[in-house]
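Structure, as structure tokens:
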Amino acid sequence: MTHILEAMTRIPRRLSIAFAILAVLAGAFAPTGYGAAPRRSVGPSAHALLASKELWATIDICNPPDQRDTVGIRGSMPGDGQGHDGMYMRFALQYRDPSNRQWLELAGASSPGFAYVGGGGSPRQGGWSFRLRPRRPVFTMRGVVTFQWRHGTSVIATGYRTTTAGRESLGGVADPAHFSAATCLVG
């Protein structure tokens, strides 16, 4: 300890005053919460996001003549008002089992993971199309979209919707134009 004190006393007085001023200035301009996780500005609650009328899923492509054996799913989600937050969707197909009338996941018919659809500053839509191998009998299909709002690596909210009819796809991707259905017959 005495070696440290001796070394400190050897620093010229003007230099030690300069170090003190720099230390004060560095503290004044240091970011608040240095080393802590960034804080998220307050946006809508998870409940408000999941209750929004902008949260929906629809089938916008159902085996049209120019896209045989294809089912397209579109999802819409509200923004949380925070442009730096991310919004993600995952898409899957289900079929109705004719023996027990339950909805079951169609093996191999889901998007490979969550797709980024944009920042949380405004509502977003996204979609995924599945090309199926035709089989007999005809199956009734529906889509399921899982939605996530994220702040960095933290998930703010997660929800899902099954496909419903009467939705408006943006960007003119429905085939035929303005098509929206809850289910699709494929086979």
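Annotations for the structure displayed:
- Counted charge near I59, where neighbours are those whose Cβ lies closer than 10 Å (Asp, Glu -1; Lys, Arg +1): +2
- Highest average first, the peptides 100-109, 122-131, 66-75 ordered by how many other beta carbon atoms sit within 10 Å of their residues are 66-75, 122-131, 100-109.
- Charge tally around G79: other residues with Cβ under 10 Å, Lys/Arg +1 each, Asp/Glu -1 each, net -2.
- Other residues within the sphere of radius under 14 Å centred on the Cβ of T164, judged by their own Cβ, net out at +2 (K and R +1, D and E -1).
- Where only C-alpha atoms are counted, convex hull volume of region 46-186 per residue in Å³: 108
Laboratory data are not the source of any read-out in this text; all were calculated from the coordinates shown. From a predicted model like this one, the values you see are computed outputs, not experimental measurements. Neighbour counts are summed over all protein chains in view; Cβ atoms, including those assigned to glycine, are modelled from backbone coordinates with ideal geometry.
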